[in-house]
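Participant: Have a look at this one before I ask anything.
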Amino acid sequence: MNTNPVFSLYIPTRIVFGCGEIKRLATEKLPGKKALIVISSGTSMKKYGYLDKVIELLKENETESVVFNKILPNPTKKHVTEAAALCKDEKCDFIVGLGGGSSIDSAKAIAVMACNPGDYWDYIPAGTGKGRPVSKALPVVAIPTTAGTGTEADPWSVITNEDTKEKIGFGSELTYPALSIIDPELMLSIPPHLTAYQGFDAFFHAAEGFIANCSTPISDLYALEAIRLLYKYLPVAVADGRNIKARAKVAWASTLAGLVESTSSCTSEHSMEHAMSAYYPQLPHGAGLIAISEAYFETFRNDCMKRYMKMAEVMTQLKSNRPSDFIDALVRMQKECKVHELKLSDWGIKMEDFPKMVQNARDTMGALFTLDPRPLTDEEVLNIYQKSFK
């Protein structure tokens, strides 16, 4: 971060946080009278009663609803287009994103396409996108049932164009959620491995945002607290998913990391993972980040030594004397969460894929490379991929 920082802060989202607070959906002032509820194609929203509860609470708030239930773990442009058409046909005036980051990210993209003509990629300012301005978007209400993306506290939406193999994050002031209700009780059913993948996504939002060259005094506060909470409580939540205290701490850390996304930025670690899951959409985003993280952070070890040491200190609560203390703590945390030995080959990735992924990362999310502590060469990016391969 610059020693004489200049920054602005604008986060228009009303955040309601706490166990049992989903009930507030019945009494909060909502941004419309008919909602399109966006959920994944999986079974959990129905199985655990979350969808029925949201529909009922909306009814209590005199609000009608329609459900779109096709969102994939790595959401696609095709489903954004389909849901936006349904939204217009049903005359919905706001979107509810219910579920993981994929559902809430999709809700934001659908909110854009319900109000703007053409193709979603017309508005994407990177890759093959045309970068047209977004003039309007429907309001979004975010109800996360996972703790990881922090999308409830930032404007970003990550969508994959299946045809071009581009996975790109996009957002504007118009795509901040109007209201986010974060209820840790909705997260008790997440299995251990997904708890870990999602929690590490939040961790890397915070860690990347802390070493990014655009970090600010406010993002530093959010980032260090998120890092501290996740190091302490994510292993507990992975070991015992019914531990509501650990779930609540991890959920709050995820929201804090989302606020980091709004006040700083991710760095190229996210560009590199997006390239992997653009080609292999079955790869969970958090798993991809975990797999490359040790080699990635090792690459910058001597470029922001004091920041690495500060992260190590909030994690371990011990004085740090060397930047590698952070990497040691990161590895220890991954081992405690039983995700240190992830194999990219388990998701079909091959060594020969990496050169095209280097290029894809530059072409689609190249802007994040400009926010690294120092510029990475293509050779260094390839080396990170290769070192991470198992």
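The values are calculated or read from the model by the stated rules, or taken from the named source; none is laboratory data. Quantities reported herein were computed from a predicted structural model and do not represent experimental measurements. Reconstructed Cβ throughout: ideal geometry from the backbone, glycine too, with neighbour counts over all protein chains shown. Quick note on the areas: whole protein, heavy atoms, side chains included, nothing else; ligands and nucleic acids left out. Shrake-Rupley method; radii C 1.70, N 1.55, O 1.52, S 1.80 Å.
Participant: Looking only at segment 15-114, where both bridge partners belong to it, what percent of the DSSP beta bridges are antiparallel (to the nearest 5)? Mind showing how you got there, number by number?
Facilitator: On the way: 0 of 10 bridges.
The answer is about 0 percent antiparallel.
Participant: So for segment 298-353, what are the equivalent ellipsoid semi-axes in whole Å, largest first, each being the square root of 5 times an eigenvalue of the Cα gyration tensor? Intermediate results must be reported in sequence, preceding the final value.
Facilitator: Details: eigenvalues 152, 47, 7 Å².
Square roots of five times the eigenvalues give 28, 15, 6 Å.
Participant: Please compare each pair in Lys108/Lys343; Lys167/Lys387; Lys136/Lys356; Lys34/Lys245 to a cut-off of 27 Å on the Cα-Cα distance and tell me which ones are over it.
Facilitator: Checking Cα-Cα distances, Lys108/Lys343; Lys136/Lys356; Lys34/Lys245 exceed 27 Å.
Participant: Considering only protein heavy atoms, what is the solvent-accessible area of Met309 at a probe of 1.4 Å, reported in Å² to the nearest 10?
Facilitator: 50
Participant: Which of the aspartates and glutamates could a cross-linker span from Lys306 if the Cα-Cα distance has to be under 19 Å and same-chain partners fewer than 8 positions apart are dropped?
Facilitator: Straight-distance partners of Lys306: Glu208, Asp220, Glu225, Glu294, Glu298, Asp325, Asp328, Asp372.
Participant: Just the number: Rg to Rh for segment 26-110, Cα atoms, Kirkwood Rh, two decimals.
Facilitator: Working: Rg = 12.0 Å, Rh = 12.7 Å.
Checking Rg against Rh, the ratio lands at 0.95.
Participant: To continue, here is another question. Express in Å², to the nearest 10, the accessible area of Ile15 obtained by rolling a 1.4 Å probe over the protein heavy atoms while all chains stay in place.
Facilitator: Result for Ile15: roughly 60 Å² accessible.
Participant: Work out the length of the dipole vector of the chain about its Cα centre, built from +1 on the beta-carbon of each Lys and Arg and -1 on the beta-carbon of each Asp and Glu, and round it to the nearest 20 debye.
Facilitator: The calculation lands at about 580 debye.
Participant: Run the numbers on segment 148-227 and let me know its relative contact order in percent, using alpha-carbon pairs under 8 Å that are six or more apart.
Facilitator: After rounding, I find 27 percent.
Participant: Can you list residues whose amide H is under 5 Å from Leu188's amide H, if they're 5+ apart or on another chain and H is modeled 1.01 Å from N?
Facilitator: Those lying under 5 Å, H to H, from Leu188: there are none.
Participant: From the Cα trace of segment 270-390, what convex hull volume per residue do you get, rounded to a whole Å³? Mind dumping the intermediate values first?
Facilitator: On the way: hull volume 11.7 nm³, N = 121.
Spelled out: Cα convex hull of segment 270-390, divided by residues, is 97 Å³.
Participant: Over the chain, what is the mean sequence separation of C-alpha contacts under 8 Å (at least six apart), divided by residue count, expressed as relative contact order in percent?
Facilitator: 16
Participant: In Å², and per residue, what accessible area does the chain have when probed at 1.4 Å with the other protein chains present? Walk me through the intermediate numbers first.
Facilitator: Values: 15550 Å² over 390 residues.
For the chain, the per-residue accessible area is 40 Å².
Participant: When the solvent-accessible surface of protein heavy atoms is calculated with a 1.4 angstrom probe, in what order do Lys356, Lys23 fall, highest first?
Facilitator: Lys23, Lys356
Participant: May I ask you to derive the FRET efficiency for Asp163 and Leu86 from their Cβ-Cβ distance with R0 = 35 Å, giving the value to the nearest 0.05?
Facilitator: 0.95
Participant: In a GNM of the chain with a 10 Å cut-off on Cα contacts, which of Ala291, Ala367, Ala206 has the highest mean-square fluctuation?
Facilitator: Ala367
Participant: Sticking with this one: Could you pull the Rg and Dmax for segment 83-161, using just the Cα atoms, both in Å?
Facilitator: Taking only Cα atoms of segment 83-161, I get Rg and Dmax of 12.4, 33 Å.
Participant: Explain nothing, just the number: relative contact order of segment 189-339, from Cα pairs under 8 Å at least 6 residues apart, as a whole percent. Please list the in-between numbers first.
Facilitator: Working: 212 pairs, mean separation 42.4, N = 151.
Relative contact order here is 28 percent.
Participant: List the residues, sorted by chain then number, that are 5 or more residues from Gly99 or on another chain and whose placed amide H is less than 5 Å from its amide H.
Facilitator: Ile143, Thr145
Participant: Sort largest first and round to whole Å: the equivalent ellipsoid semi-axes of segment 132-174, each the square root of five times a Cα gyration tensor eigenvalue.
Facilitator: Numbers: eigenvalues 78, 58, 14 Å².
Semi-axes (√(5λ), whole Å): 20, 17, 8.
Participant: Identify the GluC sites (Glu not before Pro) of segment 100-171 meeting these criteria: DSSP loop state and at most 16 other C-beta atoms within 10 Å of the C-beta.
Facilitator: Counting only loop positions with at most 16 other Cβ atoms within 10 Å, the GluC sites (Glu not before Pro) in segment 100-171 are Glu162.
Participant: How large is Rg/Rh for segment 149-217, to two decimals, with Cα atoms and a Kirkwood Rh?
Facilitator: Numbers: Rg = 14.6 Å, Rh = 14.5 Å.
With Rh from the inverse mean 1/r over Cα pairs, Rg/Rh is 1.01.
Participant: Still on this structure, please answer the following. Given the -39500 (n - 2.57) contribution per DSSP H run of 4+ residues, what per-residue ellipticity at 222 nm results for the chain, rounded to the nearest 500 deg cm²/dmol?
Facilitator: -15000 deg cm²/dmol
Participant: Further, regarding this structure: On the principal axes of its Cα set, how long, how wide and how thick is segment 274-321? Give whole Å, largest value first.
Facilitator: For segment 274-321, the Cα spread along each principal axis is 41, 21, 11 Å.
Participant: Further, regarding this structure: Any number yet on Rg/Rh for segment 76-210, C-alpha, Kirkwood?
Facilitator: Here Rg/Rh amounts to 0.97.
Participant: Output wanted: per-residue J couplings in Hz (rounded whole) for segment 195-208, from phi through Karplus 6.51 cos²θ - 1.76 cosθ + 1.60, θ = phi - 60°, x for Gly and Pro.
Facilitator: With the stated coefficients, segment 195-208 comes to 4, 5, 4, 5, x, 6, 4, 4, 4, 6, 4, 6, 5, 5 Hz.
Participant: For Lys350, Lys167, write out the residues from largest to smallest accessible area, computed with a 1.4 angstrom probe and no ligands counted.
Facilitator: On the way: Lys350 90, Lys167 10 Å².
Result, largest first: Lys350, Lys167.
Participant: While we're here: Provide the percentage of antiparallel DSSP beta bridges, counting only those with both residues in segment 73-219; round to the nearest 5. Provide the component values of the computation, followed by the final result.
Facilitator: Numbers: 5 of 13 bridges.
Beta bridges within segment 73-219, antiparallel portion: roughly 40 percent.
Participant: Considering only protein heavy atoms, with the full assembly of protein chains and a 1.4 angstrom probe, order Tyr48, Tyr120 by accessible area, largest first.
Facilitator: The ranking, largest first, comes out as Tyr48, Tyr120.
Participant: Quote the accessible area belonging to Lys136 in square angstrom, nearest 10, computed with a 1.4 Å probe and with ligands, DNA and RNA left uncounted.
Facilitator: 120
Participant: In straight Cα distance, which lysines are under 16 Å from Lys23, not counting same-chain residues fewer than 8 positions off?
Facilitator: Within the straight-line limit of under 16 Å, Lys23 reaches these lysines: Lys53, Lys59.
Participant: Please report, in Å, the Rg and the Dmax of the chain, where both are computed over Cα atoms only.
Facilitator: So, for the chain, Rg and Dmax equal 19.7, 61 Å respectively.
Participant: A further question on this structure: Could you tell me what percent of the DSSP beta bridges with both partners in the chain are antiparallel, to the nearest 5?
Facilitator: The answer is about 20 percent antiparallel.
Participant: Per the Kirkwood treatment, what hydrodynamic radius in Å, one decimal, follows for segment 117-195 from the mean inverse distance over all distinct Cα pairs? Don't skip to the answer; put the middle values down first.
Facilitator: Numbers: mean 1/r = 0.0694 Å⁻¹.
Hydrodynamic radius (Kirkwood, Cα only) of segment 117-195 equals 14.4 Å.
Participant: Something else: Stokes-Einstein D for segment 1-158 at 10 °C, 1.306 mPa s, Kirkwood Rh over Cα pairs, in µm²/s? Before the final figure, lay out the partial values.
Facilitator: On the way: Rh = 16.3 Å.
Reported coefficient: 97 µm²/s.
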